[in-house]
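The values are calculated or read from the model by the stated rules, or taken from the named source; none is laboratory data. None of the values given here were measured: they were computed from a predicted structure. Cβ placement follows ideal geometry from the backbone for every residue including glycine, while neighbour counts extend to all protein chains displayed. The accessibility values were calculated without ligands, DNA or RNA, using every heavy atom of the protein model including side chains. Shrake-Rupley method; radii C 1.70, N 1.55, O 1.52, S 1.80 Å.
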Amino acid sequence: MPIGAATPTHAENWTPREKDVKRYLHFDRHIPIAELVRLANSPEAVAANSFYPLLRFKEEWVKFRKDASSKKKVRPLRYSARRDAAIFARYRALLSKKYERRLLELGIQDAPIAYRRIANVDKPGNKSNIELSREVFEKIRELGRCVVTVVDIKSYFESLDHCLIRVMWEDLIGEPLPADHEAVFRALTRYTFVDRDAVFKRLELYKKNTSGNRKDKRMAKIDSMRTQGHRQICSPKEFRDRICGKDPKYPSLIQKNNKNYGIPQGTPISDLIANFYLLNFDAHLHRYCCNGGGLYRRYSDDIVIVMPFSEGDNLLREKNLLQHEIAKYGSKLEIQNRKVTVARFDVTPSGLQFSHVFGDGVRNGLEYLGFEFNGRIVKIKNSTLSNAWRKLKRFAYGHARYFVKRYREKGAVWLRSNYDYAEIEFRMLRDVTFNQDIGYKTWTFIKYSRRASRTFSDFDRIFSRQTRRYRYKAAEIAVQCFDKAMKIHYR
């Protein structure tokens, strides 16, 4: 079908996947799946839908550096009510098919790689970040002498221009936004939200902390609601009076995005918008790199370019090009110099050699999608290892805490005698999910490193050596976490 040709926007009914049916606490009531399907597949119902405010929370983690310093990272996430999430998921499925078709028409199906299922060519299944990073490292080995530019777009989701989103959305469906698409578009651009902690505090869902331990604050009422199967935070009247501010005693908690840029990160459709927003940018950079014998990849706001070079070439050429081109896609989009890393690889008698050219990135190798490559050795990034180590400890402590709270009446002697350290040690190594944007919810960190080892089998890799302490320290951590749980939660 020619680019820009009008296509039916409701040609087929949507059937939700398991992940599209939300079971978390939100403002709306539990809705049967059949009702969600009926609502999401009805253009008239979608156009008339009153979207609830999103719930905002902040995902926080500490980023460690080799110089032992640390920096707290905060990412604001917003999630939608159940019925709204179903609508977003339905329109994501609709637009995703059109987006994938457009990628094929432009011949850039391998350029944007985030939030997509990209099939492996030589084996069953889809590519993960392991295969995607291997493609970049393999291109470096193939070229030998090359310059690699890695950039990060600052605050990408919060900087997307609403006018350009509309232009790209209408281009994909081949017509001005119909009423139902318009409603979804406005819900994502003129979105409203409330802070989740402020809501819980306003509705008095937090338990008062009387233990003296600041970390011991628990959401007692919320835990009880979840245990009893409740999924609605409050009644419609409480929502109107205490959240929206209809009752004069309670100022409204609702905030609105009144800017002409920015979409919420966390809704089922936000990732697709982040992809098709830079469709023309991807096409231009992909052509540029292919014509020069190089490679272009974009993982949402992370971009990598691999290009051959000759003596006398400007090694910052691609960096300058990316900064110049991104400015065409919205006044708020920016690639800062501090978010740029430029490296070069040279062929030497001892093999491929890495050298740092520009930026604050790692100076011992190129980092990309969780891996590091210095021309000779591939290894897992240190930050990835640290995150996995912290995840193992959280899992072990959570398991021990649950056990202690459940059987605390049996006494300390019984608790210590009956806690299955061996079982938790095994689960720490086998069943701790390694969180990835690509998916693979059943993966564990050890399985992840083993798959990486197989994928990089023709590279010199040290994954087994890097994960050795995870295997050897599991029993020790299991004991330490149980002792901590006993100390804090058993008195």
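Structure notes:
- Subset of the stretch 368-398 (residues that are touching a Cys at 6+ places or on another chain (Cβ under 9 Å) and in contact (Cβ under 8 Å) with a residue 40 or more places away in the chain): Lys393, Ala396, Tyr397
- Of the residues making up the stretch 450-473, those that are buried (at least 19 other Cβ atoms within 10 Å of the Cβ), modelled with pLDDT under 85 and part of a helix (DSSP H, G or I) number 1.
- Going through (1) under 29 Å from Pro32 (Cα atoms); (2) open to solvent by 20 Å² or more (accessible area, probe 1.4 Å) one by one, Asp122 falls short only on (1).
- Residue check, Arg394 at pLDDT 80 or above, more than 30 Å from Ser133 (Cβ to Cβ) and either aliphatic (A, V, I, L, M) or surrounded by fewer than 16 Cβ atoms within 10 Å (Cβ to Cβ) (or both): no
- Scanning the stretch 133-156 for residues that are under 25 Å from Asp271 (Cα atoms), open to solvent by less than 10 Å² (accessible area, probe 1.4 Å) and outside any loop (DSSP other than H, G, I, E, B) returns Ser133, Val136, Thr149, Val151.
- Residues located in the stretch 268-293, provided they are over 21 Å from Tyr79 (Cβ atoms), charged (D, E, K, R) and open to solvent by 10 Å² or more (accessible area, probe 1.4 Å): Arg287
- For first residues located in the stretch 286-311 and of a type in the set (Ser, Thr, Tyr), partners that are assigned to a helix (DSSP H, G or I) and lie 6+ apart or on another chain with Cβ distances below 7 Å form the pairs Tyr296/Leu285; Tyr296/His286; Tyr296/Cys289; Ser300/Ala274.
- Across the stretch 338-356, the number of residues qualifying as surrounded by 15 or more Cβ atoms within 10 Å (Cβ to Cβ) and β-branched (Val, Ile, Thr) comes to 3.
- Tally, over the stretch 119-151, of residues that are modelled with pLDDT under 95 and under 17 Å from the mean Cα position of the chain (by Cα): 4
- Hits in the stretch 247-267 - residues which are open to solvent by less than 30 Å² (accessible area, probe 1.4 Å) and out of contact with any strand residue (DSSP E or B) (no Cβ under 6 Å at 6 or more places or on another chain): Asn257, Gly262, Ile263, Thr267
- Taken over the stretch 157-190, the criterion of being among the aliphatic types (A, V, I, L, M) and open to solvent by less than 30 Å² (accessible area, probe 1.4 Å) is satisfied by Leu160, Ile165, Met168, Leu172, Ile173, Leu177, Ala183, Val184, Ala187, Leu188.
- Search result, residues across the stretch 318-337 that are in a helix (DSSP H, G or I), among the charged types (D, E, K, R) and surrounded by fewer than 16 Cβ atoms within 10 Å (Cβ to Cβ): Lys328
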